[in-house]
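Student: So that we are looking at the same thing, I have put the structure below in structure tokens.
A short reminder: the numbers here are calculations on the coordinates, not readings from a lab. Computed from a predicted structure; not experimentally measured. Cβ coordinates were reconstructed from backbone atoms using ideal geometry, including for glycine residues, and neighbour counts include every protein chain displayed.
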Amino acid sequence: MKNREQEQEQKKEQGSPNPAEAEERAAEAKSGEEAKEAQEAAASEESTKAQEDETVAEEKEGAAEPAAEDEDMKTKYLRLAADFQNFKRRTEKEKSDIYAYANEKIALDLLDVIDNFERALVHQKDCKDEKMKEGMDMIFKQLQTVLEKNKIVEIAALGEEFDPNVHNAVMTGADEEYESGKVSAVLQKGYKLNNKVIRPAMVKVAE
């Protein structure tokens, strides 16, 4: 009986853990749990930071796209505005040219009439009717006034330096009165309309 009780006590002693060992094991278990929690917290923090970085990157990319679109729209607007200004200036110039040179054809036809009138005046001295002479002079002056009002101006030629821009040399020849390169005779008068040559002067140039 006594032996059985001793065996039971020995088994009880063997089954009961040492308090120091139990405390050490509990500390190790707690430390393991804390380490695991720390790792989980660190992983969670890294994941959150990665998500935040990704969100910031997406926001920057999203902000960059509208900025690029705005810059592109601004460039297109400036180009369109410049094209419109060029078109406006070109249209105004064309309109101004139309007003300025609308009478060019009529002026050219009128110049032929004036040429014939001047030829007739050359022979005016042969006319014995003084009133006829006076009437022709008045008509010629009226024609000249019409030309001036419409800004049709005669091109200076006789005695001037030959200028191919306003003179049309049809012949050359020696002339004691004029230096070489000077216009020595005008065969047909030239005219400008609003500073545009509508008919160059037909001239002879001294050699």
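Student: Round to the nearest 0.05 the FRET efficiency obtained for Ser180 and Glu154 when R0 = 22 Å and r is the Cβ-Cβ distance.
Tutor: FRET efficiency, Ser180 to Glu154: 0.35.
Student: For the range 117-132, what does the Karplus curve 6.51 cos²θ - 1.76 cosθ + 1.60, with θ = phi - 60°, yield as ³J(HN,Hα) per residue in whole Hz, taken in order and with x for Gly and Pro?
Tutor: Per-residue couplings from phi come out as 5, 5, 5, 5, 5, 4, 9, 4, 4, 7, 7, 8, 8, 5, 5, 5 Hz.
Student: Given H placed on each backbone N at 1.01 Å, which residues far from Glu160 in sequence or on other chains put an amide H within less than 5 Å of it?
Tutor: Those lying under 5 Å, H to H, from Glu160 are Val183.
Student: With N residues in the range 103-150, what two-decimal value do you get for its Cα radius of gyration over 2.2 N^0.38 Å?
Tutor: Relative to the rule-of-thumb radius for its length, the range 103-150 sits at 1.26.
Student: What pairs in Lys141/Lys189; Lys88/Lys149; Lys125/Lys182; Lys151/Lys189 have C-alpha atoms more than 25 Å from each other?
Tutor: In this structure, Lys88/Lys149; Lys125/Lys182 exceed 25 Å between Cα atoms.
Student: Here is a further query. Average projected area of the Cα convex hull of the range 153-207, in nm²?
Tutor: Orientation-averaged projected area of the Cα hull: 3.2 nm².
Student: Could you pull out every residue, at least 5 positions away or on a different chain, whose amide H is within less than 5 Å of the one on Asn168? Hs are placed 1.01 Å off N in the peptide plane, and Pro or chain starts have none.
Tutor: Ala201, Met202, Val203
Student: So, one more: Given a Förster distance of 30 angstrom, what is the FRET efficiency for Glu134 paired with Asn103, based on the Cβ-Cβ distance and rounded to 0.05? Could you put the intermediate results ahead of the total?
Tutor: Details: r = 29 Å, r/R0 = 0.98.
My answer for the efficiency is 0.55.
Student: For Asp126 and Ala68, calculate 0.36 nm times their separation in residues minus their Cα-Cα distance, and state this gained length in nm to one decimal.
Tutor: Result for the pair: 12.1 nm of gain on full extension.
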